Amino acid sequence: MISINDYLDKILEDFKEYAQSGEKLCKLKDVRFDAGRLPDYSDKNVQQLYLLRYAYAYTFEYKRMYQDLMALLKNKSQLSVTSIGCGSMIDYWSLTRVFPKSCDICYIGVDVIDWNYKLNGRGKDKVTYINADFVDLISRHAIIPTDVYIFPKSISEFSATAIFRICVELSSLIPDRKPVYFLFSLRSKSASQQIDISKTKLLHKTMLNLGFTSNDDPESFSNFEGEEKDKKIYKVDSSFSHPTDVVEFLVNTLPACCTHYDESSCDNSCKQKLRWWPILSCSQVNYQIFKFVKEA
Ligand SMILES: C[S@@+](CC[C@H](N)C(=O)[O-])C[C@H]1O[C@@H](n2cnc3c(N)ncnc32)[C@H](O)[C@@H]1O
């Protein structure tokens with residue numbers, strides 16, 4: 001499996017070509033999530049910047065989630081996972097870092113946008129990508145049941161109605177007495193995080209109403225506290241190394257790349273807004289894992 005830095009360096013090559021082509025770079029200013037904003041993930045250059053900025057931190061977070069899952073599962077030799085809003089399937093990369101090659105993985109990634117830079121499957125893992133709206137897909141009974149359902153930074157994009165629909169459809173798909181696990185990575189800014197938790201709480205409550213049991217507290221989540229939050233990822237997990245070239249380009253080179261900057265028509269702080277620090281610390285790690293069992 002490719003290292004995350006080699007993966008990012010390949011994306012960086014393509015991104016440099018675009019950023020240094022002399023085109024206007026205004027669309028890059030919208031790769032943010034504050035105040036309810038959502039980047040236009042269908043745009044290849046937006047995908048590049050998104051991955052350069054977040055994939056390093058998110059793969060670390062997903063690795064932590066899958067490590068916790070592994071501790072709950074104890075020596076499983078087979079695992080099936082549905083990733084809902086999988087993007088370029090970076091959570092699959094994390095899954096392979098945690099579950100050894102001897103574990104047969106069946107991974108189904110679903111995303112309404114057909115992302116570039118999707119990761120390839122490892123050895124004998126069965127990796128399927130489905131370009132579809134997950135709610136449509138499940139309503140058409142077009143997915144198979146799996147052990148795990150992960151929302152990798154995607155729960156925010158599902159409405160209450162969609163979450164209800166997903167629960168109803170999954171409840172008829174999941175076999176009795178077989179434990180299933182739901183993993184959610186939450187956004188880190190307090191207001192956004194509360195919105196995400198209100199959605200995971202809704203999912204938890206709906207599953208209980210549909211006859212499932214769970215001992216998990218839908219209000220609690222795992223994260224790094226205090227000084228730990230600001231620790232560099234590579235200091236916490238030595239399998240990660242600082243993405244030097246990505247940081248150098250996004251912070252120092254990108255702001256000067258827009259050759260169309262014009263004081264009379266461009267926003268004053270325009271160049272400033274093109275300076276993006278990739279997330280390098282543990283601050284983004286906020287996740288929940290719920291285990292459900294359907295009573296017979
Ligand atoms: C913040 S991105 C996360 C992408 C990826 N999981 C990652 O970690 O980089 C959220 C993703 O959810 C996808 N998404 C939103 N609504 C969806 C739906 N109804 N069905 C499938 N995917 C959806 C979006 O297209 C987007 O790719």
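Between a first residue in the range 195-214 that is more than 15 Å from Lys178 (Cβ to Cβ) and a second residue that is of a type in the set (Phe, Trp, Tyr) and buried (at least 20 other Cβ atoms within 10 Å of the Cβ), which pairs have beta carbons less than 6 Å apart while being 6 or more apart in sequence or on different chains? As it stands, the answer is Thr200/Phe184; His204/Phe290, since those pairs meet every condition given. Among residues belonging to the range 112-129 that are near the ligand (Cβ under 9 Å from one of its atoms) and open to solvent by 20 Å² or more (accessible area, probe 1.4 Å), point out the one that is nearest to Ala160 (Cα to Cα). Filtering the range 112-129 for residues that are near the ligand (Cβ under 9 Å from one of its atoms) and open to solvent by 20 Å² or more (accessible area, probe 1.4 Å), the one nearest to Ala160 (Cα to Cα) comes out as Val112. Considering Asp196, Asp245, the condition of being at pLDDT 95 or above and under 27 Å from Asp147 (Cβ atoms) is satisfied by Asp196 alone. Count of the range 183-207 residues, restricted to those that are in contact with a Ser or Thr (Cβ under 8 Å, 6 or more places away or on another chain) and either away from the ligand (no atom under 15 Å from the Cβ) or not acidic (Asp, Glu) (or both), is 9. The set of residues in the range 140-156 that are over 15 Å from Leu210 (Cβ atoms) and surrounded by 15 or more Cβ atoms within 10 Å (Cβ to Cβ) comprises Ile143, Thr146, Asp147, Val148, Ile150, Phe151, Pro152, Lys153, Ser154, Ile155, Ser156.
The set of residues from the range 1-25 being assigned to a helix (DSSP H, G or I), without any contact (Cβ under 8 Å) to a residue 40 or more places away in the chain and under 12 Å from Cys257 (Cβ atoms) comprises Glu17, Tyr18. If you check Lys10, Lys63, Lys16 for being farther than 18 Å from Phe240 by Cβ and of a type in the set (Lys, Arg), only one passes: Lys16. Quick check: anything in the range 41-51 open to solvent by less than 10 Å² (accessible area, probe 1.4 Å) and assigned to a loop (DSSP other than H, G, I, E, B)? Taking every residue of the range 41-51 in turn, none turns out to be open to solvent by less than 10 Å² (accessible area, probe 1.4 Å) and assigned to a loop (DSSP other than H, G, I, E, B).
Okay, residues lined up against (1) within 9 Å of the ligand (Cβ to nearest atom); (2) under 14 Å from the mean Cα position of the chain (by Cα); (3) of a type outside the set (Ser, Thr, Tyr); (4) at positive phi:
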{"residue": "Asp40", "(1), (2), (3), (4)": "no, no, yes, no"}
{"residue": "Arg53", "(1), (2), (3), (4)": "no, yes, yes, no"}
{"residue": "Ala57", "(1), (2), (3), (4)": "no, yes, yes, no"}
{"residue": "Leu72", "(1), (2), (3), (4)": "no, no, yes, no"}
{"residue": "Lys76", "(1), (2), (3), (4)": "no, no, yes, no"}
{"residue": "Asp91", "(1), (2), (3), (4)": "yes, yes, yes, no"}
{"residue": "Val98", "(1), (2), (3), (4)": "no, no, yes, no"}
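Checked against (1) in a helix (DSSP H, G or I); (2) surrounded by 17 or more Cβ atoms within 10 Å (Cβ to Cβ), Ser83 passes all but condition (1).
Which helices (runs of 4 or more DSSP H) does the range 192-296 wholly contain that include 3 or more residues that are open to solvent by 60 Å² or more (accessible area, probe 1.4 Å)? Answer list for the range 192-296: 226-229, 270-273.
It is to be established whether one or more residues within the range 54-76 are under 17 Å from Tyr117 (Cα atoms) and among the charged types (D, E, K, R). Within the range 54-76, not a single residue is under 17 Å from Tyr117 (Cα atoms) and among the charged types (D, E, K, R). Within the range 137-159, the only residue that satisfies the criterion of being at positive phi and within 13 Å of the ligand (Cβ to nearest atom) is Lys153.
The values are calculated or read from the model by the stated rules, or taken from the named source; none is laboratory data. All figures in this text were calculated on a predicted structure; none of them were measured in a lab. Quick reminder, even Gly has a Cβ in these numbers, built from the backbone with ideal geometry, and neighbours come from all protein chains shown. The protein model used for the area step is the full one, side chains on, heavy atoms only, and it has no ligands, DNA or RNA in it. Shrake-Rupley method; radii C 1.70, N 1.55, O 1.52, S 1.80 Å.
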